[in-house]
Structure formats: structure tokens, C-alpha cells
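The values are calculated or read from the model by the stated rules, or taken from the named source; none is laboratory data. Since we're looking at a predicted model, the values are computed, not measured. Using ideal geometry, Cβ is built from the backbone for each residue, glycine included, and neighbour counts are taken over all protein chains shown. Surface accessibility is based on the protein's heavy atoms, side chains included, excluding ligands, DNA and RNA. Shrake-Rupley method; radii C 1.70, N 1.55, O 1.52, S 1.80 Å.
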Amino acid sequence: MWKKKEDEPIATQPTPPPPPPSRPQPRTAAAAVIGPSVTIRGEVSGQEDLRIQGRIEGKVALGGQDVTVGKSGKVQADIHAKSIRIEGEVVGDLYGEQEIIIEASGQVTGNLVAPRVILENGSRFKGSIDMESAAQLTQARSLQGKPGTGAGHGATTAPPGAAARQPTSPATSKPPGDPLSRP
Amino acid sequence: MKKTSPQRWNDAASQLSPGTAQHHTLALKYVLRRLLERRHARVLDLGAAIGSNVSFVGRYAPKLYVSDLHNTLKGRPGGLPKDRKQFERLLSKDLPSDDLGPFDLILAWDLLNYLGGEQMAILGRHLARLCRQDSLIFALITNSKEMPRQPIGFRIIDTDTLSYTIDSDLGRPSPLFKESDLNRWLADFEVETSFLLRNGFQEYVLSFSE
């Protein structure tokens, strides 16, 4: 019944082209979530963005990914990631390949290493901010032609000082609109 | 560095009052010029972390340490501990360790007004350990009889302008420190220059000498 008859005319319509080879999908807003009732002691690593609403004690190593510590998040750990956003509480050192943002509700005690650091009004921070080491790592990485893949190995697509809000960049040039000039 | 006499902005210095205001700063530009002479400069901010200040200072110094002594003070309604050992412990906890220095510029803002002489001396000794030759302190000393109960959060607008908000009534007597007081209590530092402002503050730049 399903066998094609030999005298049946061959369809003349062209067959639809095969689908194009799969391309990397753009990153969606979805991120893995550690819920508010979850506590993790140890190292968290992976290859997707992460939102922390619960507690983490140990280390967060998500090079190349975005990490957000939500308002209910409490982290006692060093965090290595591409972009780090803090809305909750963190005690530990933060290494951002691109940027670190501490939101108004955020509290951080520790050291920040990133080419760009943004502290929103109302945020609490105590510790050091190092934009030089991060920039040097970024420069070295770009000279090697390697993408930023690892924690602390800063690779940024945006030039220092290109942040949309309150950019912080290494003191390599005269600040824009600033009457002072470097000798 | 040649010492300069205080520059008077206006003969009749007005008084501090609650609210938000801006003032023209002369000392900030002065210290930033000096900072530009240093490569890989480091800045220690004794005040609270303020985003715009971090952004601004970051253009001049890629390494910044925020000790947030302002909020430590605010968290202690009775003020900083009078007991010498307790105060030293507090400073050891809040100030960076020696290996994070030396710092080229220390932003003290108005913190010194909230210290007694002995406390200032202890702070000065701690800061001296974090300095190198010609490191600078930028401080604002009140010339008004009264000052806010809590330290003020100063916001850098540009090299010439500071913004500040006084959200509490004045009501704390000002210590009215003079240059001689600063030189006495901060023995490792010397007043390099100062600027009298119209809003009742006098800006001081002190330099460290080994």
C-alpha cells in the first residue's frame, strides 16, 4: 500500500535544502540557581551562568561565566568568573575577567580584582580594589591570542574604561574631561 | 616640598548645615597632580566605599584600598574606643596590612575631626607604616563650632568639586584642630599646604617624611 508505483511520476519539486549546520546558540538569560534553602560547602564549578540565592562556603570557579549572588545569597568563598554581580553578602576575594558590580544591596568584605569595578550607591565594601593586575592579565592574554577561559585570567572584549556606568580603568591615560594631565 | 600658607577663599566662612551641598576643592586637585607623578600609585580611602569615588580615583591609581572607618565609627554610637589597646586592635582590623602598601595617597576626609589627640597619634603611627617618602594625606578639618554627629560621605564630582550630604542635625562640638595640632599628633607627617573653604572646612594636605 505504501510502496511507490513504478509508473508514478517523480516529483519535480526540489527537495527543501538541508538545515544549516548547527551554530552556537546565543546565551540565554537562564542560569543555574542555587536556591535560598541550599547550602554548599566545597567547590562549585561548571560551564553555565549561576545565580546564588543560598549559601556557599568554599570556592566558586566559573571562568567564562556570569555569577550573581542574589539578595538572599551569603557566600564565604573566593569567586572566579567572567562577570560577577553582588546583591547579597560575600566574604572572600572576587576575580572578574570583565567586571565586578556590587549592587546597592550588596556587601563585600574582601579583595576585588577586575578591569572594571562598579559600586552602586548604598553598597558596602571593605577591602582592596586592583584594576592593574586584571588589566595586565587581560593584556597578556590578548597578546597570546587566547580567549579568557580561566578564573583570574582576565580577558575582556571591552577596553578598560568602556563601562556604561561608573567606569573604572587603569591609570594609563588622561581621564576624560579632566583638566589634569599625566606628565 | 615648599610649604605654602593657607589660602583663604572667603573672609566670612559660612557654617555647615544639614542637606546636600557642593564645595569647590583645591586640595583634591593638588593631591591628584602629585599622584600623577607616581607610577602604579596606590590609594587608601579611610572613608566608606562610594562608587563614583572608586571610579574617579581608579583613573589615577589602579590599586585602591577602602578601609571604611567611617562606617566603623557609625556602628559605634559611643564613638571609637578610648582605650589605647582596643583602638589599636580596631585599626589593625580595619586598616590594610603592611604588605598591601605603601600607599601614595590617604583620603582621610573628615575622619580626624572625630578622633581625640591620642587616637589621632595612634592612627598616625599606623598610617606611617603604610607610607613611603612624600606619601600624602588629604584631610578636611572643620572650622565651625559644631559639626555633624557622624562623618560625612564626600563624593568626588570632578577634580575641583566635592559633593556631600549632611543628614543629621549638627550637634557635636567641633574639636577645631589647628595646623599645630595636626603636626603634633601626626608626628610622622607635616602639613604641606592647606586651603580654607567657605563652608567651614579647611582642607589639609600632609606629607610623610621618613
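Would you pick out the residues in segment B:179-200 that are touching a Lys or Arg at 6+ places or on another chain (Cβ under 8 Å), assigned to a strand (DSSP E or B), closer than 23 Å to residue B:126 by Cα and not hydroxyl-bearing (Ser, Thr, Tyr)?
B:190, B:191, B:192, listed by residue number.
Could you count how many residues in segment A:56-114 are of a type outside the set (S, T, N, Q), within 18 Å of residue B:50 (Cα to Cα) and not in a strand (DSSP E or B)?
7
Take the conditions within 8 Å of chain A (Cβ to nearest Cβ), of a type in the set (D, E, K, R) and under 14 Å from residue B:151 (Cβ atoms) and apply them to residue B:94. Does it pass?
Values: within 8 Å of chain A (Cβ to nearest Cβ): yes; of a type in the set (D, E, K, R): yes; under 14 Å from residue B:151 (Cβ atoms): yes.
Yes: the conditions hold for residue B:94.
Return a yes/no flag: does segment A:159-170 have any residue that is within 14 Å of chain B (Cβ to nearest Cβ), in a loop (DSSP other than H, G, I, E, B) and modelled with pLDDT of 95 or more. Write out each step before concluding.
At the first step, the residues of segment A:159-170 found to be within 14 Å of chain B (Cβ to nearest Cβ) are A:159-170.
Next, only the ones that are in a loop (DSSP other than H, G, I, E, B) stay: A:159-170.
Right, trim to modelled with pLDDT of 95 or more and you get none.
Looking through segment A:159-170, none of the residues is within 14 Å of chain B (Cβ to nearest Cβ), in a loop (DSSP other than H, G, I, E, B) and modelled with pLDDT of 95 or more.
Please go through (1) open to solvent by 10 Å² or more (accessible area, probe 1.4 Å); (2) more than 8 Å from every other protein chain (Cβ to nearest Cβ); (3) touching a Gly at 6+ places or on another chain (Cβ under 9 Å); (4) assigned to a strand (DSSP E or B) for residue B:65 and return the number of the only condition it doesn't satisfy.
Evaluating residue B:65 over (1) open to solvent by 10 Å² or more (accessible area, probe 1.4 Å); (2) more than 8 Å from every other protein chain (Cβ to nearest Cβ); (3) touching a Gly at 6+ places or on another chain (Cβ under 9 Å); (4) assigned to a strand (DSSP E or B) leaves (2) as the failure.
Scanning segment B:142-171 for residues that are in a strand (DSSP E or B) and open to solvent by 30 Å² or more (accessible area, probe 1.4 Å), which turns out nearest to residue B:20 (Cα to Cα)?
B:165
Output the number of residues of segment A:80-111 satisfying the condition of being over 19 Å from residue B:48 (Cα atoms) and open to solvent by 10 Å² or more (accessible area, probe 1.4 Å).
Summing the residues that are over 19 Å from residue B:48 (Cα atoms) and open to solvent by 10 Å² or more (accessible area, probe 1.4 Å) in segment A:80-111 gives 7.
Pull out all pairs, ordered by first then second residue, where Cβ-Cβ is under 6 Å, the residues are six or more apart or on different chains, the first lies in segment B:74-86 and is exposed (fewer than 11 other Cβ atoms within 10 Å of the Cβ), and the second is modelled with pLDDT of 80 or more and not acidic (Asp, Glu).
If the second residue must be modelled with pLDDT of 80 or more and not acidic (Asp, Glu), no pairs are left.
Please pick out the residue among B:22, B:15, B:7 that is at pLDDT below 90, more than 9 Å from every other protein chain (Cβ to nearest Cβ) and in contact with a Phe, Trp or Tyr (Cβ under 6 Å, 6 or more places away or on another chain).
None of the others qualify; the one that does is B:7.
For segment A:108-132, name all the residues that are over 24 Å from residue B:99 (Cα atoms) and more than 17 Å from the chain's Cα centre (by Cα).
A:120, A:121, A:122, A:123
Filter segment B:97-107 down to the residues that are within 12 Å of chain A (Cβ to nearest Cβ) and in a loop (DSSP other than H, G, I, E, B) and list them by number.
B:97, B:101 - these are the residues of segment B:97-107 that are within 12 Å of chain A (Cβ to nearest Cβ) and in a loop (DSSP other than H, G, I, E, B).
Take segment B:15-25 and flag every residue that is surrounded by fewer than 17 Cβ atoms within 10 Å (Cβ to Cβ) and not small (Gly, Ala, Ser). Reasoning before the result, please.
Here is the first cut: in segment B:15-25, the ones surrounded by fewer than 17 Cβ atoms within 10 Å (Cβ to Cβ) are B:15, B:17-22, B:24.
Hits for segment B:15-25 are B:15, B:18, B:20, B:22, B:24.
Taking segment B:38-62, which residues are part of a loop (DSSP other than H, G, I, E, B), more than 7 Å from every other protein chain (Cβ to nearest Cβ), under 16 Å from residue B:135 (Cα atoms) and open to solvent by 10 Å² or more (accessible area, probe 1.4 Å)?
Of everything in segment B:38-62, those that are part of a loop (DSSP other than H, G, I, E, B), more than 7 Å from every other protein chain (Cβ to nearest Cβ), under 16 Å from residue B:135 (Cα atoms) and open to solvent by 10 Å² or more (accessible area, probe 1.4 Å) turn out to be B:38, B:39.
Test residue B:73 against the stated conditions and say whether it is assigned to a helix (DSSP H, G or I) and either more than 7 Å from chain A (Cβ to nearest Cβ) or in contact with a Lys or Arg (Cβ under 8 Å, 6 or more places away or on another chain) (or both).
Here the answer is yes, as residue B:73 does meet what is asked.
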